[in-house]
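A short write-up of the structure that comes next.
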Amino acid sequence: MTGVKDRKREANYTASDMNFKRIALLPLLASALLLAACGGSKDAGSSSASANPGDGRPIEISADDKMMFSLSEIRAKPGEKLSVTLVNKGSMPKQTMAHNWVLLIQGTNLTDFNNAAAMAVSTEYIPDKFKDAVVAHTRLLGPKERDTVTFTAPTTPGRHLFICSFPGHLQVGMKGVMVVE
Ligand SMILES: [Cu+2]
């Protein structure tokens, strides 16, 4: 008699256990589907980036006519090899609205650099005089253009500023920081 009772109890347990599992699995399944969907779009992104390759850790930053970088902070390991891609998603003509991405060494006087950059039209606003202050920079990009620069992150831990050196853009906040740690 007791054996039957125990078996019944056991059956009840497994039934409720299965119900619980089914309920618990639902959100898991949903998130797995979401993950798969995100993974798919990520793959599409990286395959389009491979048209403009770089063998460092890929980092994509976009900018548009609102004069803001999509990333204000990039984290990197000292001396890490990085491939930074800048994408200009804007539509205004290059003469009035172009962007670049310029990473500066620590301690660069931003005002001095930016003033010199504004005069350096023939070198796409990268001033010769401050060449040593530039860790890496992309080309100057007009609408719908993109460029990748591959370089070694600074070996000195700390905060390293990056800017757009097109005249006037730093002043409205087109800058960010690479945190090396
Ligand atoms: Cu800009």
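Every number here is computed from the coordinates shown, using simple stated rules; none is lab data. Quick caveat, the model's predicted, so the values are computed rather than measured.
Per-residue 3J(HN,Hα) values for the stretch 168-181, derived from phi via the Karplus relation 6.51 cos²θ - 1.76 cosθ + 1.60 with θ = phi - 60°, read x, 6, 4, 4, 8, x, 7, 7, x, 9, 9, 9, 9, 8 Hz in sequence order (x marks Gly and Pro).
Between the amide H of S62 and those of S70, L71, V87, distances stay under 5 Å, these residues lying 5 or more places away or on another chain, with hydrogens modeled in the peptide plane.
Length gained on full extension, M119 to M92: 7.6 nm, using 0.36 nm per residue less the C-alpha separation.
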